[in-house]
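Notes to accompany the following structure.
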Amino acid sequence: GAGVSQSPSNKVTEKGKDVELRCDPISGHTALYWYRQSLGQGLEFLIYFQGNSAPDKSGLPSDRFSAERTGGSVSTLTIQRTQQEDSAVYLCASRVQGNTEAFFGQGTRLTVV
Amino acid sequence: KQEVTQIPAALSVPEGENLVLNCSFTDSAIYNLQWFRQDPGKGLTSLLLIQSSQREQTSGRLNASLDKSSGRSTLYIAASQPGDSATYLCAVRNFGNEKLTFGTGTRLTIIP
């Protein structure tokens, strides 16, 4: 596709379950970001990938959160033992190397009940 | 640590008016600044990227300016339309740091 694709668009899960969120970046984009947007809040940085490496994981809020990227393309954000405070919209963005625009996907709305 | 502020948090103007949205940042060693719009329940749409060496960028009715020394950027919207109603976010990327630091946004409502 032409843009950043995220799936699922909505996810409702029970507290304590694990969830996986997927991001398909724009083809050829080597840089990939995950952000979180809680209700009424700003965008919170989670992690940055360059290729398959994550040189900046500083925003992951706890060890329940992890992410990987394979083949320099698809990325998966995994949240283990979900808590109600994990409810938010999770946004993925990608860009090419250098001083370039970042493009965002439509996000995954996660609701933990 | 970079901090980005957008004031006001909300703005309502009549259709047809020109308007200015403000973004300020504390660390002037920026690589670039990007303006986005976000419609309710949607992701972010990139509007303009302005590089640190540039003073302004234009796209259609939008014009973004950058003054690094004062830590400010403005987004000027000419001849506003109801379809311009959205939340506008600015994001800064600093040298030596790949992440984008976002402001909390300005929610713009254009009144028909």
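Worth a mention:
- Residue in the stretch B:29-41 that is over 22 Å from A:F104 (Cα atoms) and either exposed (fewer than 15 other Cβ atoms within 10 Å of the Cβ) or touching a Ser or Thr at 6+ places or on another chain (Cβ under 8 Å) (or both) present: yes
- Here the stretch A:80-106 is the region considered, the condition is being in a loop (DSSP other than H, G, I, E, B) and small (G, A, S), and the residue that is nearest to the chain's Cα centre (by Cα) is A:G105.
- Taken together, the residues in the stretch A:29-54 that are closer than 30 Å to B:A9 by Cβ, more than 9 Å from every other protein chain (Cβ to nearest Cβ) and surrounded by fewer than 16 Cβ atoms within 10 Å (Cβ to Cβ) amount to 3.
- Single condition A:E101 does not satisfy, out of (1) surrounded by fewer than 16 Cβ atoms within 10 Å (Cβ to Cβ); (2) touching a residue at least 12 places away in the same chain (Cβ under 8 Å); (3) within 24 Å of B:W35 (Cβ to Cβ): (2)
- In the stretch B:55-112, residue nearest to B:A29 (Cα to Cα) [restricted to those that are within 12 Å of chain A (Cβ to nearest Cβ) and of a type in the set (D, E, K, R)]: B:R93
- Where A:Q84 falls short, out of the listed (1) closer than 22 Å to B:T101 by Cα; (2) touching a Lys or Arg at 6+ places or on another chain (Cβ under 7 Å): (1)
- Any hit, the stretch B:19-32, residues being farther than 24 Å from A:A93 by Cα, hydrophobic (A, V, I, L, M, F, W, C) and away from chain A (no Cβ under 11 Å): yes
- Within this structure, B:V13 fails the test of being of a type in the set (A, V, I, L, M), away from chain A (no Cβ under 14 Å) and surrounded by fewer than 12 Cβ atoms within 10 Å (Cβ to Cβ).
- If you check B:R61, B:R55, B:R37, B:R93 for being among the basic types (K, R) and under 10 Å from the mean Cα position of the chain (by Cα), only one passes: B:R37.
- For the stretch A:55-79, a tally of residues being closer than 19 Å to A:E14 by Cβ and surrounded by 14 or more Cβ atoms within 10 Å (Cβ to Cβ) returns 4.
- B:I77 meets each of the listed conditions (1) of a type in the set (A, V, I, L, M, F, W, C); (2) closer than 21 Å to A:A102 by Cα; (3) crowded, with 16+ Cβ neighbours inside 10 Å apart from (2).
- Selection of the stretch A:1-53 for residues being part of a loop (DSSP other than H, G, I, E, B) and under 17 Å from A:S66 (Cα atoms) yields A:G16, A:K17, A:D18, A:G51, A:N52.
- Hits in the stretch B:27-67 - residues which are outside any strand (DSSP E or B), over 17 Å from A:V4 (Cβ atoms) and in contact with a Phe, Trp or Tyr (Cβ under 9 Å, 6 or more places away or on another chain): B:A29, B:S52, B:R61
Read-outs throughout are calculated quantities, based only on the coordinates presented, and are distinct from any laboratory measurement. The structure displayed is predicted, hence computed values, not measured ones. No Cβ is skipped: glycine too gets one built from the backbone with ideal geometry, and neighbour counts run over all protein chains shown.
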